[in-house]
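Below is one structure, written out as structure tokens; comments come after it.
The values are calculated or read from the model by the stated rules, or taken from the named source; none is laboratory data. As the structure is a computational prediction, the values presented were derived from the model and not from experiment. Every residue, glycine among them, receives a Cβ derived from its backbone with ideal geometry; neighbour counts consider all protein chains shown. Quick note on the areas: whole protein, heavy atoms, side chains included, nothing else; ligands and nucleic acids left out. Shrake-Rupley method; radii C 1.70, N 1.55, O 1.52, S 1.80 Å.
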2 protein chains.
Amino acid sequence: MSASVPASVSSSRSLKIGIVGFGTFSQFLAKTMIKQGHSLRATSRTDYSQLCADMGIAFFSDVAAFLGADNDVIMICTSILSLSQVLRSMPFTALKQPALFVDVLSVKEYARDTLLQVLPEDSDVLCTHPMFGPESGKHGWRDLNFMYERVRVRDEETCSSFLKIFEIEGCRMLEMSCTEHDELAAKSQFLTHTIGRFLSEMDIESTPIDTKGFEALVQLRKNTESNSFDLFSGLYIHNRFAKQELKNLEFAFEKLKHKLLKRNDEEQEVNQ
Amino acid sequence: MSASVPASVSSSRSLKIGIVGFGTFSQFLAKTMIKQGHSLRATSRTDYSQLCADMGIAFFSDVAAFLGADNDVIMICTSILSLSQVLRSMPFTALKQPALFVDVLSVKEYARDTLLQVLPEDSDVLCTHPMFGPESGKHGWRDLNFMYERVRVRDEETCSSFLKIFEIEGCRMLEMSCTEHDELAAKSQFLTHTIGRFLSEMDIESTPIDTKGFEALVQLRKNTESNSFDLFSGLYIHNRFAKQELKNLEFAFEKLKHKLLKRNDEEQEVNQ
Ligand SMILES: NC(=O)c1ccc[n+]([C@@H]2O[C@H](COP(=O)([O-])OP(=O)(O)OC[C@H]3O[C@@H](n4cnc5c(N)ncnc54)[C@H](OP(=O)(O)O)[C@@H]3O)[C@@H](O)[C@H]2O)c1
Ligand SMILES: NC(=O)c1ccc[n+]([C@@H]2O[C@H](COP(=O)([O-])OP(=O)(O)OC[C@H]3O[C@@H](n4cnc5c(N)ncnc54)[C@H](OP(=O)(O)O)[C@@H]3O)[C@@H](O)[C@H]2O)c1
């Protein structure tokens, strides 16, 4: 893939990137970062030392040692629900110099506000949301959406070196405010996860007479289930626009049911 | 495409096929039937004489003349909701010899029962449901599902010549009872249309930060809207399993909402 990369984006500086929360999503991101030649280190609640050793990543059980390890970028990849607790338990005094903190959470106002409350004033903050995951990004990241907001950036060079990771892979780079993101994501991503989870509750399965449309729903169920329920809950609990969306959703369903039952009654009448 | 057709299925006899109800779906089927060399004629509530002339199809405003026109097959393609009225108004005494009646309605027990009630005893009955339409079948019918039940077939040769139309195009031919079809279709096709219509009510639109999953839902909305609301209502009103499915659907949504709000409350408590 690198053969088709324009010269301007291929000359990204090699970064020392520290990962906080080495779950499914950051493992997925890490593979591409390593491929691009960045140097990774990680810390997490769970002990990932073996997996990290296999991937060529330094794993730190001790968060203070992790923070002291001279990171250019510290990438926050914990679940939405654990963000506040994880950040508030970090001994930031162990930082030897200011770093760029980047988060990849699927909700953005909440991530921005928490980072600004908790981080030392001299650290830079870049809020991002790669709008893809291990399933949709398994054949590469070309033309997949990457949202970001430069919330507090003084070291421009480190920030743009980090963004280049996604540019190089061909992502559609979308700079927008965290608020704008949350409003759009409630109407798109949260709705999609809600329908996916709903299809799980319905326990839908392939039948011998599937239509193409139904096949797409079976796939949506499968993809949604590959994410944690924590992620889905986080999309709801920490995006203020999602609350309204759930109400809209119920309202739309009631309206549709009403139309259908009305049509049903009309038919009964005609046939009496 | 015909180059890859095995000899056994390519030798289909040319049929005289009369179409009742020349709407979107039968126009779509007609194109392939003409391509295969069958001779078509049609009747419909609306005057399609111009369109039919352009396609090389004889159009009859007079249903008695249509019935008298020596059809091997009479294919019923009206909406689900108008089936009973359309059939009951047809002067079957105008038939000069028994024909094979085929229906393509998306609900099957109701179509079977109505055909058996209304048609002359000496006509054959084949109930079918091509599980695709102008959207999903626009690049050909290969590997698309075609359900059928030989409800009352004495003239085997005409029946298998008709089925060959779909075999030749590469459909997956699925012989099953109308009851089995309706049970499976309520859980798959009716559910898909309900979600598609629900997405219309929500008025979902592409955003600059679509995920792949959301893109699939925007497509589902579009495809569902290309069908009439009559078709959707028919799927509900005349499939007895769909009634239960709508209840399951509401129940599943309530269960999901409950899980989400419970998780929300737990988070509020932890953070107090
Ligand atoms: N999956 C995706 O497609 C996707 C796409 C874009 C953005 N994101 C975002 O990326 C982040 C990670 O997502 P994910 O898919 O890996 O799954 P997730 O369930 O949202 O998060 C899992 C991560 O959170 C950590 N974690 C969970 N509870 C914790 C706690 N109580 N204390 C400390 N750490 C805790 C886990 O640590 P351990 O592994 O050490 O247990 C793991 O690293 C989320 O913020 C999500 O919104 C995900
Ligand atoms: N669309 C699909 O993808 C698809 C796939 C498989 C099976 N089917 C089945 O195929 C049939 C036709 O579907 P469709 O998509 O064309 O749309 P539809 O809205 O279900 O049916 C339209 C047809 O019904 C006729 N019709 C409607 N109301 C009538 C009335 N009161 N009196 C007489 N005729 C009436 C229309 O006649 P005029 O055009 O003359 O007004 C037109 O031919 C349906 O039974 C449907 O379940 C559709």
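Note on the range A:160-223 and the range A:12-85: Cα centroid distance 25 Å, given to the nearest whole angstrom.
Averaged over all directions, how much area does the convex hull of the C-alpha atoms of the protein assembly as shown cover when projected, in nm²?
Averaged projected hull area, Cα only: 29.9 nm².
Each residue of the range A:115-125 is assigned a 3J(HN,Hα), and the resulting list reads 4, 5, 6, 9, 6, x, 4, 7, 8, 7, 10 Hz, derived from the Karplus form 6.51 cos²θ - 1.76 cosθ + 1.60 (θ = phi - 60°), x at Gly and Pro. Between this copy and the others, label points of A:SER61 are 9.0 nm apart in ascending order, each placed 7 angstrom from Cα in the Cβ direction.
Label-point spacing for A:GLN50 across the identical copies (point 7 Å from Cα in the Cβ direction), in nm and ascending order: 7.5. Pairwise inverse Cα distances across the range A:107-166, averaged and inverted, put the Kirkwood hydrodynamic radius at 12.9 Å.
The solvent-accessible area of B:MET90, taken with every protein chain present and a 1.4 Å probe, is close to 20 Å². Rg and Dmax over the alpha-carbon atoms of chain A stand at 21.7, 83 Å. Translational diffusion coefficient of the range A:1-150 (Stokes-Einstein, Kirkwood radius from Cα pairs, 10 °C, 1.306 mPa s): 99 µm²/s.
The calculated Kirkwood hydrodynamic radius for the range B:98-198 is 14.4 Å, given to one decimal from all distinct C-alpha pairs. Only protein heavy atoms count here; on that basis, with a 1.4 Å probe, A:ASP54 has an accessible area of about 110 Å². Each other copy holds its own label point for B:ASN271; taking that point as 7 Å from Cα along Cα to Cβ, the gaps run 5.1 nm, nearest first.
Reachable aspartates and glutamates from B:LYS31, Cα under 17 Å, same-chain residues fewer than 8 places away excluded? Of all the aspartates and glutamates, those that pass the test against B:LYS31 - Cα under 17 Å, at least 8 places apart if same chain - are B:ASP54, B:GLU135, B:GLU167, B:GLU169. The trypsin sites (Lys or Arg not before Pro) of the range B:115-162 that DSSP puts in a loop, and whose beta carbon has at most 13 other beta carbons within 10 Å, are B:LYS138, B:ARG142, B:ARG154.
Couplings for the range B:237-250, taken from phi via the Karplus curve 6.51 cos²θ - 1.76 cosθ + 1.60 with θ = phi - 60°, read 5, 10, 10, 4, 6, 5, 4, 5, 4, 5, 5, 4, 4, 5 Hz in order; Gly and Pro are left as x.
The distance between label points at B:ASP265 and B:VAL153 comes to 5.8 nm (points 7 Å beyond Cα on the Cα→Cβ vector). Taking the convex hull of the alpha carbon positions in the range A:164-227 and averaging its projected area over all directions gives 6.2 nm². Every Cα-Cα pair of the range A:128-272 was included, and the share exceeding 19 Å stands at 67 percent. Residues whose amide H falls under 5 Å from that of B:ALA99, counting only those 5 or more places apart or on a different chain, are B:ASP124, with hydrogens built in the peptide plane. Can you give the FRET efficiency for A:SER82 and B:ALA64, using 1/(1 + (r/R0)^6), R0 = 51 Å, r = Cβ-Cβ distance, to the nearest 0.05? Calculated transfer efficiency: 0.10. GNM, chain B, Cα, under 10 Å: largest mean-square fluctuation among B:VAL218, B:VAL86, B:VAL125? Top of the fluctuation ranking is B:VAL218. Are any of the pairs B:LYS35/B:LYS164; A:LYS16/A:LYS164; A:LYS262/B:LYS259; A:LYS138/A:LYS247; A:LYS247/B:LYS212; A:LYS212/B:LYS108 more than 22 Å apart by Cα-Cα distance, and if so, which? Pairs exceeding the cut-off: A:LYS262/B:LYS259; A:LYS138/A:LYS247; A:LYS247/B:LYS212. When Rg and Dmax are taken over the Cα atoms of the range B:72-129, they come to 10.5, 29 Å.
Total buried accessible area between B and A, probe 1.4 Å, nearest 100: 5500 Å².
Per the rotation superposing chains B and A, the chain B residue found at the smallest beta carbon distance from the axis is B:ALA216, 3, distance in Å.
Considering only B:GLN117, A:GLN36, B:PHE60, the residue lying farthest towards the positive end of the dipole of the protein assembly as shown is A:GLN36, judged by Cα position with unit charges set on Cβ.
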